[in-house]
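One structure below.
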Amino acid sequence: MSALIIYISWVSGLMLSTLRWPAVAVGGVLCANGLFQWAQASIAMLAAHPMISNYLVGISLVLALLVMIFQQKPIMQGYPAAGWLSLMLLTYCLLSTLWSVAPELTWVAFTERGLYMFVTVIMCPLLISNSNDAKVAMTALVTFGAVLVLSLLLTGGFSGRSLQAIDPMYGSALNPLGLASMGMYVAVAATLMNFRGVSRLLQLLRWGVVAASLMLVMYTQSRGQFLAGFLMLVAFLPFSRQIRNKWGFLGAMFGLIFLMGISYWLVSTFGQARRWELDAMVGNFYETRIEPAHTVLSYWLNSNPIHWFLGLGSSACFSPRVLGMYPHVVSAEVLAELGLIGFGIFASLIFVSLRSTFRLAKLIRHDPVQRGVLAAISALFWLNFVLSFKQGSLLQSLDLFLFAIVLGRYDTAIRSEYAHRPQPQAELHQPARVIEIQPIRS
């Protein structure tokens, strides 16, 4: 009963908050996988009807868009290059089924996940129309994510790395990587955001949220999420806190020391010793990532030269002739299946995201709140990019597209806002007027 009360409160809070701040729905979408798994593991009715959680999050997203339309916000204005590149890549994916050796798998993916693709890649980023929307989205991720993280830890019921569905007839082990990604999203956003005003309460509670989120990641024994997330925190924390004086330096150092301390404690307490040994991790990565990627790329290079440009076709890696499965390295998959054309689109997506990160870093370096927002969004994009080298396939790695487009929308919004800000007038430096003094005639 307590789990059901928490669930109803969480969903109700999301819906009501969306009416006031539509961008809250972005945080709900980022937490959807955690809500889905927790509901299956804790509430019998929702374990029997698991899609209810996804539908409710989807309703909050539609509601948010309707509110923005009613408020006459420019939801389509300034659609970023990252958005068009993402749509181009997915469209080319569909087109490549014309020559793919396993086209049916792509059609199945688009049929089964088409609605989720539409929600993640198209609808969700539209909620970011200005810089405040981006701040609201990241704050919602921390707030609603923290409630889910604590619920998962206290009432989830882990068995090994995974949650177990409450009734075996509705499923067995759930996806640990999805939980690990959500937990790391919350940890990254909570660490990098700079809270002001009413949200300052989150600043006081942030380290508890971070510790709980990292603990959730460790429960799943997800090495990639843990190590990649820690790398992003170390990379972006100095920018978020902008170390320009002793207080900024001390704040950043405290944050890094805390992260290292809690990480060491979590690994030593909850980590399976052999799983976290360096030789085991390197060996596993070589056998399950490097070798499959090498096999796929070798087949592509040895194929007809026209396939170098067009690719082998979407889902070709699943053919027994190629690999029989996806290689777990998205960039290798894109190059082999979509050729130099698809890989060029994918590389362009990464480039425009990198450009947005550096361009915004210069613009908002003196604004601590927006600096934290940029650090959080950028870190989450690059986190997904790093994870694309160890898990998932192109049509499963939708969060990479989501954060790329959100970063692009945020870039467009910030540049527009700064362009319309009144600029201090420059002082006019005119040459001094020379007055010629005439001698007095007697």
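The values are calculated or read from the model by the stated rules, or taken from the named source; none is laboratory data. Computed from a prediction, not measured in an experiment: that's the story for all the values here. Every residue, glycine among them, receives a Cβ derived from its backbone with ideal geometry; neighbour counts consider all protein chains shown.
Every residue, every condition in (1) surrounded by 14 or more Cβ atoms within 10 Å (Cβ to Cβ); (2) in contact (Cβ under 8 Å) with a residue 24 or more places away in the chain; (3) part of a helix (DSSP H, G or I), yes or no:
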site	(1), (2), (3)
LEU4	yes, yes, yes
ILE8	no, no, yes
VAL11	yes, yes, yes
LEU14	yes, yes, yes
SER17	yes, yes, yes
ALA25	yes, yes, yes
GLY34	yes, yes, yes
ALA39	yes, yes, yes
ILE52	yes, no, yes
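Just to verify a result, which residue in the stretch 368-410, among those that are among the basic types (Lys, Arg) and out of contact with any Ser or Thr (no Cβ under 7 Å at 6 or more places or on another chain), is surrounded by the most Cβ atoms within 10 Å (Cβ to Cβ)?
First, pick out the residues of the stretch 368-410 that are among the basic types (Lys, Arg): 371, 390, 409.
The next check asks that each one be out of contact with any Ser or Thr (no Cβ under 7 Å at 6 or more places or on another chain); those that pass are 390, 409.
Values: LYS390: 20, ARG409: 27.
Selected residue: ARG409.
Listed here are the residues, each with its yes/no results for (1) among the aromatic types (Phe, Trp, Tyr); (2) farther than 19 Å from VAL108 by Cα; (3) under 22 Å from the mean Cα position of the chain (by Cα).
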site: PHE318; (1), (2), (3): yes, no, no
site: TYR326; (1), (2), (3): yes, no, yes
site: ALA336; (1), (2), (3): no, yes, no
site: ILE345; (1), (2), (3): no, yes, yes
site: VAL352; (1), (2), (3): no, yes, yes
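Does the stretch 385-404 hold any residues that are in contact (Cβ under 8 Å) with a residue 60 or more places away in the chain, touching a Leu at 6+ places or on another chain (Cβ under 9 Å) and not charged (D, E, K, R), and which are they?
Result: VAL386, LEU387, GLN391, GLY392, LEU394, LEU395, SER397, LEU400, PHE401, LEU402, ALA404.
Applying the selection to the stretch 326-360, what residues are touching a Lys or Arg at 6+ places or on another chain (Cβ under 8 Å) and more than 18 Å from ALA82 (Cα to Cα)?
If the condition is that a residue be touching a Lys or Arg at 6+ places or on another chain (Cβ under 8 Å) and more than 18 Å from ALA82 (Cα to Cα), then PRO327, HIS328, VAL329 are the ones that fit.
Kindly provide the set of residues from the stretch 316-331 that are touching a Cys at 6+ places or on another chain (Cβ under 9 Å) and crowded, with 24+ Cβ neighbours inside 10 Å, ordered by number.
Initial filter on the stretch 316-331 (touching a Cys at 6+ places or on another chain (Cβ under 9 Å)): 323-327.
Correct list: PRO327 only.
Output the number of residues of the stretch 79-120 satisfying the condition of being hydroxyl-bearing (Ser, Thr, Tyr), modelled with pLDDT of 90 or more and surrounded by fewer than 16 Cβ atoms within 10 Å (Cβ to Cβ).
Qualifying residue count, the stretch 79-120: 1.
Within the stretch 144-154, work out how many residues are surrounded by fewer than 24 Cβ atoms within 10 Å (Cβ to Cβ), touching a residue at least 24 places away in the same chain (Cβ under 8 Å) and of a type outside the set (Gly, Ala, Ser). Walk me through how you get there before you give the answer.
Taking the stretch 144-154 as the starting set, the residues that turn out to be surrounded by fewer than 24 Cβ atoms within 10 Å (Cβ to Cβ) are 144, 146-147, 150-151, 153-154.
From the residues that got through so far, the ones that are touching a residue at least 24 places away in the same chain (Cβ under 8 Å) too are 144, 146-147, 150-151, 153.
Within this subset, residues satisfying the condition of being of a type outside the set (Gly, Ala, Ser) are 144, 147, 150, 153.
The number of residues fulfilling the criteria is 4.
Does ALA25 qualify as being in contact with a Pro (Cβ under 9 Å, 6 or more places away or on another chain), at pLDDT 85 or above and small (Gly, Ala, Ser)?
Numbers: in contact with a Pro (Cβ under 9 Å, 6 or more places away or on another chain): no; at pLDDT 85 or above: yes; small (Gly, Ala, Ser): yes.
Answer is no for this residue.
Suppose the filter is touching a Leu at 6+ places or on another chain (Cβ under 7 Å), free of Cβ contacts under 8 Å to residues at least 60 places away in the same chain and aliphatic (A, V, I, L, M); does ALA376 pass it?
On the way: touching a Leu at 6+ places or on another chain (Cβ under 7 Å): yes; free of Cβ contacts under 8 Å to residues at least 60 places away in the same chain: no; aliphatic (A, V, I, L, M): yes.
Considered against the rule, which asks whether it is touching a Leu at 6+ places or on another chain (Cβ under 7 Å), free of Cβ contacts under 8 Å to residues at least 60 places away in the same chain and aliphatic (A, V, I, L, M), ALA376 comes out as no.
Restricting the stretch 368-393 to residues that are of a type in the set (A, V, I, L, M) and more than 16 Å from LEU177 (Cβ to Cβ), which is farthest from the chain's Cα centre (by Cα)? Break it down into steps so the answer makes sense when it comes.
Kept after step one, since they are of a type in the set (A, V, I, L, M), are these residues of the stretch 368-393: 369, 373-377, 379-380, 383, 386-387.
Those still in the list that are more than 16 Å from LEU177 (Cβ to Cβ) too: 369, 373-377, 379.
Values: VAL369: 19, VAL373: 13, LEU374: 12, ALA375: 12, ALA376: 9, ILE377: 7, ALA379: 8 Å.
Of everything passing the filter in the stretch 368-393, VAL369 is farthest from the chain's Cα centre (by Cα).
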